[in-house]
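**Student:** Once you've had a glance at the structure underneath, I'll fire off some questions.
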Amino acid sequence: MTERMDAVDVIRTKRDRGTLSHDQIDWVIDAYTRGVVADEQMSALAMAIFLNGMTREEIAQWTAAMIASGERMDFRFLGPTSDKHSTGGVGDKITLPLVPLVAACGVTVPQLSGRGLGHTGGTLDKMESIAGWRASLTNDEMLTVLRDVGGVICAAGAGLAPADKKLYALRDITSTVECIPLIASSIMSKKIAEGTGSLVLDVKTGTGAFMQAESDARALARTMVDLGTDAGVKTVALITDMNTPLGLTVGNANEVRESVEVLAGGGPSDVVELTLALAREMLAAAGRPDVDPAPLLQNGRAMDSWRRMVAAQGGDPDAALPVAPLSEVVTAPADGVLTVMEARAIAVAAWRLGAGRARKEDPVDFGAGIDLHVKPGERVRAGQPVMTLRTSDEAKFARAHEALEGALSYGSEALPPRPLVIDRIT
Ligand code: URA
């Protein structure tokens, strides 16, 4: 087949700070998906975009072209639908209580999730610590769970935005990930292709976040909200703090345990606060601002949805969750107040204990991770346990302790508390 364009011309346009035409974007994404544009050419284009940016119109077209590279689902015939996407945080297990909670409120939640890579955890890894639970569903199976339960958490199939799958892997090895137009189009192509009617974005900022600076988080949120809105998906973003891990667990099975506590009406206050804030946004975006989700955590209805959702995918909601056999406790060095608990360092330590993977094909130690006993602002006594590290491999403790060096600070007074939800972008 004769190609109607040449990749070199497209790269040169962006290299010279020009604006890519709709036709150039459609062609280059399609030709890359077909294997006509080579990885080295796409790498050069990604780097040119990284350095020179994209206009709002270019980002919208780039997103549309990535959606068009694969199948597009549509679940809106099921009634009001909503989904949530988090840009990734430490101890961020919010999807687990949130999906059944919103489903119990009568809004359908088609949640396609990912696995962890590097220091960030993945929802599918957490869910897979439940015995028997299966992440991969066919489209028909996904529809059945949505019909029966109202919410589903599963893996995105290979047919969804295949251009993004290829490009994201390439960006990962060419240092072109941290680029707002490319991140926004990558996330939103998958979310729009998934066929939800509304979307709530949890854009994290702080040391444990992808976007450490608040100004970058705001710019990413603005770009993603505009993309969703332009594509006809009602989209709202919350900017939330990610300097300290969420809740008291970082890992996989321990995060499931904490999520179940929230569904049982308990759990740490920050996890409950963010779950409810996001649930309210999802309900409002789906046209149900009148529904208050809070009572459903107390009266067992969200728990009932969770149990049915887990069982529908082969999981046993009553099975004991794995706990790694080896543990070491980190204690407070002196009397005082814990002032800082560095989210990224805690994540790296949990990852080194076996909770995360370095390569896609690596296994995860579901029972490994960190249980926190104290959070910033709390007073401690010398020798008091601050956190427990768990692993199945003794050799892993040393590198985990190295990651924790300098992660905890103590003082005589607590620092002023930071709000968890910093802003709302519409
Ligand atoms: N998550 C994605 O799906 N894509 C990105 O580019 C970054 C985070």
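**Student:** I'd like the distance between the alpha-carbon centres of the range 30-88 and the range 391-426, rounded to an integer number of Å.
**Tutor:** If you average the Cα positions of each part, the centres end up 34 Å apart.
**Student:** Related question: 222 nm [θ] for the chain, helices only, -39500 (n - 2.57) per DSSP H run of 4+, per residue, to 500?
**Tutor:** So the helix-based figure for the chain works out to -13000 deg cm²/dmol.
**Student:** Something else about it: With a 1.4 Å probe and all protein chains left in place, how much of the accessible area of the range 326-411 comes from carbon and sulfur atoms, in whole percent?
**Tutor:** Percent of accessible area from carbon and sulfur atoms in the range 326-411: 51.
**Student:** Now a separate question. Based only on Cα atoms, what Rg/Rh ratio does the chain have, Rh being taken as Kirkwood's radius?
**Tutor:** Over the Cα atoms of the chain, Rg/Rh equals 0.98.
**Student:** Would you work out what percent of the accessible area of the range 21-61, with all protein chains in place, is carbon or sulfur (probe 1.4 Å)?
**Tutor:** On the way: 970 of 1800 Å².
Solvent-exposed carbon and sulfur of the range 21-61 make up 54 percent of the total.
**Student:** VAL233: accessible area at probe 1.4 Å, nearest 10 Å²?
**Tutor:** Surface open to solvent at VAL233 totals about 10 Å².
**Student:** Accessible area per residue for the range 235-315 in Å², computed with a 1.4 Å probe and the full protein assembly in place, what is it?
**Tutor:** On a per-residue basis, 32 Å².
**Student:** Tell me the per residue accessible area of the range 326-411 using a 1.4 Å probe; a whole number in Å² is fine.
**Tutor:** Averaged over the residues of the range 326-411, the accessible area is 46 Å².
**Student:** List residues of the range 306-326, by number, whose backbone nitrogen lies under 12 Å from a label position 7 Å along Cα→C-beta of GLU141.
**Tutor:** 312-315
**Student:** Also, I was wondering about something else. Give the share of C-alpha pairs in each 5 angstrom bin for the range 41-131, from 0 to the last occupied bin, in whole percents, shortest bins first.
**Tutor:** 3, 10, 14, 15, 17, 18, 13, 7, 3, 0
**Student:** Put +1 on the Cβ of each Lys and Arg and -1 on the Cβ of each Asp and Glu in the chain; which of VAL386, SER269, THR33 then has its Cα farthest toward the positive end of the dipole?
**Tutor:** Sorting the options by dipole projection puts first SER269.
**Student:** Sort 137-148, 285-296 by packing, meaning the average of other beta carbons within 10 Å per residue, with the highest value first. Write out the running numbers ahead of the final one.
**Tutor:** Numbers: 137-148: 15.1, 285-296: 16.9.
In decreasing order of mean packing, 137-148, 285-296 become 285-296, 137-148.
**Student:** Hey, another quick one. Keeping the other protein chains in place, figure out the carbon and sulfur percent of the accessible area of the range 76-312, with a 1.4 Å probe.
**Tutor:** 53
**Student:** If each Cα of the range 321-426 is one equal point scatterer, what is log10 of I(q)/I(0) from the Debye formula at q = 0.13, 0.24 Å⁻¹?
**Tutor:** Debye intensities relative to I(0), on a log10 scale: -0.54, -1.23.
**Student:** Using DSSP, restrict attention to beta bridges with both residues in the chain and report what percent are antiparallel, rounded to the nearest 5.
**Tutor:** Of all bridge pairs located within the chain, approximately 55 percent are antiparallel.
**Student:** State the Cα centre-to-centre distance between the range 337-372 and the range 183-201 in whole Å.
**Tutor:** Centre-to-centre distance over Cα atoms comes out at 27 Å.
**Student:** Could I ask something else about it? May I have the count of lysine pairs in the chain with C-alpha atoms under 16 Å apart, counting pairs 8 or more residues apart or located on different chains?
**Tutor:** Within the chain, the lysine pair count is 15.
**Student:** Additional query: Going by average Cβ density within 10 Å per residue, which order do the peptides 375-388, 234-247 take, highest to lowest?
**Tutor:** 234-247, 375-388
**Student:** Which of the three applies to the range 76-312, rounded, prolate or oblate, going by the alpha-carbon gyration tensor with a ≥ b ≥ c and a/c under 1.5 meaning rounded?
**Tutor:** Rounded, since a/c falls under 1.5.
**Student:** Here's something else I'd like to know. Could you tell me how far the Cα centroid of the range 297-336 sits from the Cα centroid of the range 211-285, in Å?
**Tutor:** Comparing the Cα centres of the range 211-285 and the range 297-336, I get a distance of 19 Å.
**Student:** Looking only at THR120, THR223, THR81, which one moves most when the chain is put into a Gaussian network model with springs between Cα atoms under 10 Å?
**Tutor:** THR223
**Student:** Can I ask one more? Charges at C-beta only: +1 for Lys and Arg, -1 for Asp and Glu. How large is the resulting dipole of the chain about its Cα centre, in Debye rounded to 20?
**Tutor:** With only Lys, Arg, Asp and Glu charged at Cβ, the dipole is about 220 debye.
The values are calculated or read from the model by the stated rules, or taken from the named source; none is laboratory data. Please read all numbers here as calculations on a predicted model, not as lab measurements. A quick note on method: Cβ atoms are made from the backbone with ideal geometry, for glycine too, and the neighbour counts reach across all protein chains shown. Please note that ligands, DNA and RNA were not included when accessible areas were found on the heavy atoms of the full protein model with its side chains. Shrake-Rupley method; radii C 1.70, N 1.55, O 1.52, S 1.80 Å.
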